[in-house]
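Each reported figure results from applying straightforward, stated rules to the coordinates on display, with no laboratory input. For clarity, every value in this text was computed on a predicted model and none was experimentally measured. No Cβ is skipped: glycine too gets one built from the backbone with ideal geometry, and neighbour counts run over all protein chains shown.
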Amino acid sequence: MPQSLAITGLGIILPTATGIQAFEEALVAGRARFDYLKRPGREGRQRFIGSEIDEMEFESVIAGKAGLLRTASFSSQVAAATVTQAWSDAGLDSRRIAPERVSLIVGGSNFQQRHQQQTMQRYQSAPQLVRPTYALSFWDTDMVGVLSECFHVCGEGYSVGGASAGGAVALIHAARQLQMGLADVSIAVGPLFDISFWECQALTNLGAMGGSRFADQPALACRPFDAQHDGFIFGEGCAAIVLERTDHARQDGAKAYGRLCGWSMVLDGLRHPKPNAGGQLQAMRAALKMAEMEPGQIDYVNPHGTGSPLGDSTELDALKAAGLSHCWINATKSLTGHCLTASGAIEVVATLLQLRAGFCHPTRNLRQPIDSSFRWVKESVVEADLRYAVSNSFAFGGVNTSLVLGKAA
Amino acid sequence: MTKDNIFEVMKGHIRCVEPEMEGTPISPNDSLKLLGLDSVARTEVLLLTMESLGVTVPNTRLAAAQNVGELVEIFASYTGG
């Protein structure tokens with residue numbers, strides 16, 4: 001078992017919940033909120049279905065930083081509000097941790113596409129007037145800069161790629177920061193992917209984004225693992241995870257939501273977006289090996305489970321081959337949609353809350369699973385004694401990640 | 001557009017770019033720099049004002065202004081106000 005790593009703080013913002021307590025309640029209730037996408041820059045020739053957060057007043061989220069947040073992108077504003085929760089949850093203000101011993105990893109890249117689209121649209125006829133702060137905000141790293149100023153973080157900080165697995169890749173890097181002794185506290189952020197019409201259309205044309213079968217009934221469109229799935233449905237969301245070495249957390253009396261026991265990242269060696277059961281299997285095996293665990297010890301799987309017909313069936317093949325088909329299995333994306341760069345982190349939060357409280361949240365619209373041999377949590381919540389879970393996130397580019405999470409000791 | 005209108009537009013952008021200025025009176029004799037706006041904030045205010053007024057004023061002309069009042073004069077000469 002590698003050096004034990006504890007999750008000591010969490011933050012989340014979703015359409016159905018702001019804050020961890022609200023999110024846990026929303027998970028138990030199987031709450032979701034799908035509609036047609038309305039945010040400016042998402043309207044196109046056709047209506048796209050997705051899940052958008054409420055308008056929030058972000059400027060007063062952090063005292064004295066209204067000016068800073070006003071010139072930051074929507075994704076960065078949401079991240080600041082999310083990290084505020086996690087920071088306070090981990091008690092980082094009262095614990096005396098040197099700023100240079102805190103690091104910050106933002107998962108995924110290109111998460112500000114609509115910010116770019118809106119800027120180009122606004123200044124199309126007068127490009128000479130484009131705001132100088134766009135030169136700051138177009139970089140993904142601007143989120144790192146904004147967060148590092150808001151929370152006075154002076155250790156290492158960077159954004160990592162990983163596309164739809166970005167949140168998980170961020171957590172893996174946060175773990176490495178601790179393992180390498182570069183930080184005592186490492187914060188992983190799964191940023192809100194601010195999608196524009198262009199990506200919605202391209203992903204639809206690729207056949208990846210669904211919503212055509214239930215084009216007139218948005219609430220039914222997102223249905224991972226169900227026989228009538230037709231692709232992923234987009235969701236807005238952001239999650240932040242505070243990670244520390246267990247002994248460091250203990251010496252300050254910080255509570256732990258759970259443990260990160262193992263992780264892996266494996267490339268398929270294939271650029272084509274087709275999911276690869278071999279790579280997914282390899283990732284799960286490597287994460288279990290790192291955790292020094294057997295598949296039989298895992299109680300629950302939180303799959304990538306997007307609602308893509310090929311993706312869903314490929315992942316089930318890989319889970320079977322990995323010896324994990326005995327586990328309780330649901331699909332968090334059936335409630336949140338696919339939050340792309342944030343999903344990996346959101347699903348870690350969902351997994352930890354379920355492990356802690358001993359339940360598995362419902363999977364919306366799972367009426368007819370594509371493979372009934374799995375232990376599905378369908379549309380009702382299930383109480384379960386859970387100790388260990390596997391959380392998967394996969395991405396275009398042949399990226400496969402798998403995390404092993406454990407209930408707090 | 002009158003000079004008073006231009007002044008109001010510019011004040012709105014100053015308060016937007018620098019939220020701490022909310023509630024602080026701004027007079028034509030004030031300089032953006034002494035009001036506490038850094039170089040990025042000053043450029044933002046000027047470009048946002050150009051966008052609102054629908055004019056483009058070269059930096060070289062604006063650089064000569066000593067205070068908000070002189071900036072308003074320069075903008076007025078471009079809007080025909």
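Given the Cα atoms of region A:316-400, and with Rh set as the inverse mean 1/r over their pairs in the Kirkwood sense, what is Rg to Rh to two decimals? Before the final figure, lay out the partial values.
Values: Rg = 12.8 Å, Rh = 13.7 Å.
My calculation puts Rg/Rh at 0.94.
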- Message: Placing +1 on the Cβ of each Lys and Arg and -1 on the Cβ of each Asp and Glu in the protein assembly as shown, which of A:Val266, A:Gly190, A:Ala165 has its Cα farthest towards the positive end of the resulting dipole?
- Response: A:Val266
- Quick one: helix B:3-17 against the long Cα principal axis of chain B, what's the angle to the nearest 10°, folded into 0 to 90? 40
- Message: Would any residue of region A:71-87 have its amide N under 15 Å from a label point 7 Å out along Cα→Cβ of A:Arg122? List them or say none.
- Response: A:71-77
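With the Cα gyration tensor of region A:93-212 in hand, give its eigenvalues times 5 under a square root as the equivalent ellipsoid semi-axes, listed largest first in whole angstrom. Show your work: numbers first, answer last.
Numbers: eigenvalues 198, 84, 17 Å².
Computed over region A:93-212, the values are 31, 21, 9 Å.
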- Query: Starting at 0 and stepping by 10 Å, how many percent of the alpha carbon pairs of region A:206-364 end up in each bin?
  - Reply: 10, 34, 38, 14, 3, 0
- If we restrict to alpha carbons, what Rg and Dmax does chain B come to, in Å? 11.4, 32
- Query: Roughly what percent of Cα-Cα pairs across region A:260-334 reach past 18 Å?
  - Reply: 39
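Given a cut-off of 30 Å, name the pairs among A:Lys38/A:Lys333; A:Lys255/A:Lys320; A:Lys274/A:Lys407; B:Lys3/B:Lys33 whose C-alpha atoms lie farther apart than that in the structure shown. Please list the in-between numbers first.
Values: A:Lys38/A:Lys333 20 Å; A:Lys255/A:Lys320 35 Å; A:Lys274/A:Lys407 33 Å; B:Lys3/B:Lys33 21 Å.
Too far apart for the 30 Å limit: A:Lys255/A:Lys320; A:Lys274/A:Lys407.
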- Item | Karplus (6.51, -1.76, 1.60) ³J(HN,Hα), θ = phi - 60°, over region B:60-67, in Hz, Gly and Pro reported as x | 4, 6, 6, 4, 6, 5, 9, 7
- Task: Would you look at the GNM of chain A, springs on alpha carbons closer than 10 Å, and say which of A:Gly231, A:Gly67, A:Gly358 moves the most?
- Result: A:Gly67
- Note on the structure: In a Gaussian network model of chain A with springs linking alpha carbons closer than 10 Å, the residue among A:Pro127, A:Pro295, A:Pro275 that fluctuates most is A:Pro127
- With point charges of +1 on the Cβ of Lys and Arg and -1 on the Cβ of Asp and Glu, referenced to the Cα centre of region A:95-150, which listed residue (A:Pro132, A:Gln118, A:Val102) lies farthest in the positive direction of the dipole? A:Val102
- Task: Taking only Cα atoms and a 10 Å spring cutoff, compute GNM fluctuations for chain B and point out the largest among B:Thr56, B:Thr43, B:Thr24.
- Result: B:Thr24
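Assign unit charges at the C-beta atoms only (+1 for Lys and Arg, -1 for Asp and Glu), then state the dipole size of the protein assembly as shown relative to its Cα centre in Debye, rounded to the nearest 20. The partial results should precede the final answer.
Values: 41 positive and 49 negative charges, 170 e Å.
So the magnitude is around 820 debye.
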- Would you grab the residues whose amide H sits under 5 Å from the one on A:Gly157? Only those 5+ places off in sequence or on another chain, please, with H modelled 1.01 Å from N. A:Leu104
- With label points set 7 Å from each Cα along the Cα-to-Cβ direction at A:Ser88 and A:Ala408, the distance between them in nm comes to 1.9
- Query: Got a sec? How would B:Met50, A:Met120 order by Cβ neighbour count within 10 Å, fewest to most?
  - Reply: A:Met120, B:Met50
- Item | Size-normalised alpha-carbon gyration radius of region A:143-277, reference 2.2 N^0.38 Å | 1.32
- Query: Of A:Asp194, A:Asp140, A:Asp93, how do they rank once you tally other Cβ atoms within 10 Å and put the fewest first?
  - Reply: A:Asp93, A:Asp140, A:Asp194
- Message: Give me A:Ile346, A:Ile370 sorted ascending by neighbouring Cβ count inside 10 Å, so fewest comes first.
- Response: A:Ile370, A:Ile346
- In debye to the nearest 20, how big a dipole does region A:191-306 give about its Cα centre with +1 on each Lys and Arg Cβ and -1 on each Asp and Glu Cβ? 260
- Item | From phi via Karplus (6.51, -1.76, 1.60), per-residue ³J(HN,Hα) for region A:98-106 in Hz, x at Gly/Pro | 4, x, 6, 9, 10, 10, 9, 10, 9
- Note on the structure: Over all pairs of different Cα atoms in chain A, the reciprocal of the mean inverse distance gives a Kirkwood radius in Å of 20.9
- Item | Gyration tensor (alpha-carbon) shape descriptor, region A:144-197, a/c threshold 1.5 | oblate
- Task: Considering only DSSP beta bridges where both residues belong to the protein assembly as shown, give the percentage that are antiparallel (nearest 5).
- Result: 70
- For A:Pro132, what is the net charge nearby, where nearby means another residue's Cβ is under 10 Å from its Cβ and Lys, Arg count +1, Asp, Glu -1? +1
